[in-house]
Amino acid sequence: MTFSLIGSIVGFITLVLATIGLPGLFALMAVESFGIPPIPSEVVLPLAGFLVVDGTFPLDWTIVAAISGSLVGAFIAYAVGRWWRSRLAGLGIGHLRIREADLDRMDEWFSRHGEVTVLVGRLIPGVLSYISYPAGTARMRPSRFGLYTFLGSTPWTLGFLYAGIVLGNHWQVISRYFLPIDIALVVVIVAAAAYLVLVATGDLAPGWPPRRGPRRSSAPAPPASDGATAGPPKL
């Protein structure tokens, strides 16, 4: 008996959609857009599209449930960033902490490029689940945040729903790719965990590419050898 991380996620999402229906789709998309815990819409939406082909879900209400769930989750994340800004400074572990200067730079970026950042961010896997937090922290106008979140979420939602509709009852053919995807996910998770631990301990500095952190940089220089400090030998 083998365990598949992707297979388990697919099984959970299928169970929610099959037992709860469209409210389950709404809830899954809201959680996905909130980002905690991470639930991939790249899996949720094709499965919902399959249920449209199967006749379980009506297409119009499926689109409404998916997009509205994304918007609700995004606004919850936006609210967390906006109202908890004062708690974010200093948040972290060890040397891996959010500084006030980081928040100021984020504010400056969103004041100039906020709309484009939200729009593009909603089209990038992984980023789409967390772009709402900095938008809230930077106090982006809620009306503009909602508009650009909607504009970014709509093509993403329609595209993956369409993928599920095209696959129809043949969507299970992708199960053969679960093993290599599982391996890739484990490698990424282990590498990310190792990077975060090294940043938290100060061995690496935050950012990319990895570079020596403050703990390594401030390490005392080794003492000079006796031969380097001693005077010339006496004759």
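The values are calculated or read from the model by the stated rules, or taken from the named source; none is laboratory data. Keep in mind that what you see is a predicted model, and the values were worked out from it rather than measured. Here the Cβ is made from the backbone with ideal geometry for all residues, glycine too, and neighbour counts use every protein chain on show.
Some observations on this one:
- Residues within the range 16-53 that are modelled with pLDDT of 90 or more and outside any helix (DSSP H, G or I), tallied: 1
- Selection status of I13, touching a helix residue (DSSP H, G or I) at 6+ places or on another chain (Cβ under 8 Å), farther than 17 Å from G159 by Cβ and either modelled with pLDDT under 85 or not in a helix (DSSP H, G or I) (or both): no
- Test: residue in the range 122-131 that is assigned to a helix (DSSP H, G or I), under 18 Å from I36 (Cβ atoms) and modelled with pLDDT of 90 or more: no
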